[in-house]
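The values are calculated or read from the model by the stated rules, or taken from the named source; none is laboratory data. Since the model is a prediction, treat every value here as computed from it, not as a measurement. Neighbour counts are summed over all protein chains in view; Cβ atoms, including those assigned to glycine, are modelled from backbone coordinates with ideal geometry. Just the protein is used for accessible areas: all its heavy atoms, side chains included, with ligands, DNA and RNA removed. Shrake-Rupley method; radii C 1.70, N 1.55, O 1.52, S 1.80 Å.
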Amino acid sequence: VSARTIVVTGTDTGIGKTVVAAAMTHALGASYWKPIQAGLDDETDSDVVARLAGLPPERVLAEAYRLNTPCSPHRAAALDGIAIDPGTLRVPDHAGSLVIEGAGGALVPVTRDLLFADLFAAWGLPVVIVARTGLGTINHSLLTIEALRSRRVPILGIAFVGDAAPDSEATIGAIGQVARLGRLPRLDPLTPETLHAAFAAGFAQGLAP
Ligand SMILES: Nc1ncnc2c1ncn2[C@@H]1O[C@H](COP(=O)(O)OP(=O)(O)OP(=O)(O)O)[C@@H](O)[C@H]1O
Ligand SMILES: [Mg+2]
């Protein structure tokens with residue numbers, strides 16, 4: 001299998017991007033990169049992925065920006081008194097496959113002039129949308145799909161998190177014309193073992209194409 005670089009975005013913050021990214025990173029034998037981490041008080045997303053995917057340190061690429069406040073990067077940077085330079089947000093050199101996680105959702109500002117979706121478009125990399133299965137997901141998922149399509153961001157597919165909602169999942173696929181990659185249930189406990197088993201069961205086709 002050839003090396004792949006995949007971007008993970010979501011319909012919202014706290015939707016399960018990091019957990020899906022950890023499962024994908026493990027399944028692909030990939031490295032992980034969180035270009036902008038906003039909020040350093042708790043375990044960072046890189047820490048969580050390293051733990052859940054069982055990554056050695058060399059497969060966790062350093063963040064380009066580590067910002068103190070858990071809020072939109074444009075604001076978190078301002079609060080830290082720094083300016084994010086989009087020119088520094090190039091995909092780092094790496095061996096093998098890479099999973100990249102954005103912050104929040106697709107239209108979160110990186111700076112006041114650049115949204116994450118614009119950055120994804122500049123990279124030209126395929127994006128996985130993480131969406132919840134609960135009420136409201138059709139609207140949020142279709143909005144996210146439109147925002148990415150209008151910028152010509154290639155959409156690899158949509159990954160659901162939560163209890164099965166077959167009608168919502170199928171409706172998003174049909175109206176949004178996106179591939180449904182699979183679904184992770186809410187896991188309790190959430191451990192590397194339960195995550196890898198749930199990903200293998202819920203994403204039976206892997207991340208094709
Ligand atoms: N499938 C799951 N089973 C159990 N808990 C989950 C699952 N997915 C996510 N969670 C929990 O929900 C919370 C939010 O998930 P996660 O950190 O992956 O969201 P996110 O979209 O990456 O958020 P952010 O926008 O902050 O990066 C975390 O506490 C995580 O452990
Ligand atoms: Mg995250």
Going through segment 166-199 in order, the residues found to be open to solvent by less than 70 Å² (accessible area, probe 1.4 Å), under 20 Å from V127 (Cα atoms) and in contact (Cβ under 8 Å) with a residue 12 or more places away in the chain are E169, T171, I172, G173, G176, V178, A179, L181, G182, R183, L184, F199
Output for segment 10-58, where each listed residue is touching a strand residue (DSSP E or B) at 6+ places or on another chain (Cβ under 6 Å), more than 10 Å from ligand 2 (Cβ to nearest atom) and farther than 18 Å from T69 by Cα: T11, M24, T25, A30, S31, Y32, W33, A50
When segment 36-58 is checked residue by residue, the ones that are within 12 Å of ligand 1 (Cβ to nearest atom) and not polar (S, T, N, Q) are I36, A38, G39, D42, E43, D45, D47, V48, V49, R51, L52
Would you check which residues across segment 20-30 are open to solvent by 40 Å² or more (accessible area, probe 1.4 Å) and out of contact with any helix residue (DSSP H, G or I) (no Cβ under 7 Å at 6 or more places or on another chain) and list them? L28, G29
Pick from T44, T11: which is farther than 24 Å from L156 by Cα, within 15 Å of the chain's Cα centre (by Cα) and not small (G, A, S)? T44
Members of segment 99-119 that are hydrophobic (A, V, I, L, M, F, W, C) and crowded, with 18+ Cβ neighbours inside 10 Å: V99, I100, A103, A106, V108, V110, L115, F116, A117, L119
Read through the list (1) within 17 Å of V130 (Cα to Cα); (2) without any contact (Cβ under 8 Å) to a residue 12 or more places away in the chain, then give the number of the only condition that G81 fails. (1)
Test P192 against the criterion of being over 15 Å from the mean Cα position of the chain (by Cα), within 16 Å of ligand 1 (Cβ to nearest atom) and of a type outside the set (D, E), and give yes or no. yes
Can you name the residue in segment 149-164 that is over 21 Å from G202 (Cβ atoms) and not β-branched (V, I, T) and, of all such residues, is most open to solvent (accessible area, probe 1.4 Å)? R152
Take the residues of segment 60-90 that are open to solvent by 50 Å² or more (accessible area, probe 1.4 Å) and closer than 29 Å to L28 by Cβ: which is nearest to ligand 1 (Cβ to nearest atom)? P70
Taking into account only those residues within segment 1-16 that are within 21 Å of P109 (Cα to Cα) and out of contact with any helix residue (DSSP H, G or I) (no Cβ under 8 Å at 6 or more places or on another chain), which is surrounded by the fewest Cβ atoms within 10 Å (Cβ to Cβ)? G14
Would you check if E146 is open to solvent by 70 Å² or more (accessible area, probe 1.4 Å), closer than 25 Å to I100 by Cβ and away from ligand 1 (no atom under 14 Å from the Cβ)? yes
Among (1) within 23 Å of A22 (Cβ to Cβ); (2) open to solvent by 10 Å² or more (accessible area, probe 1.4 Å) - the single one A122 does not satisfy: (1)
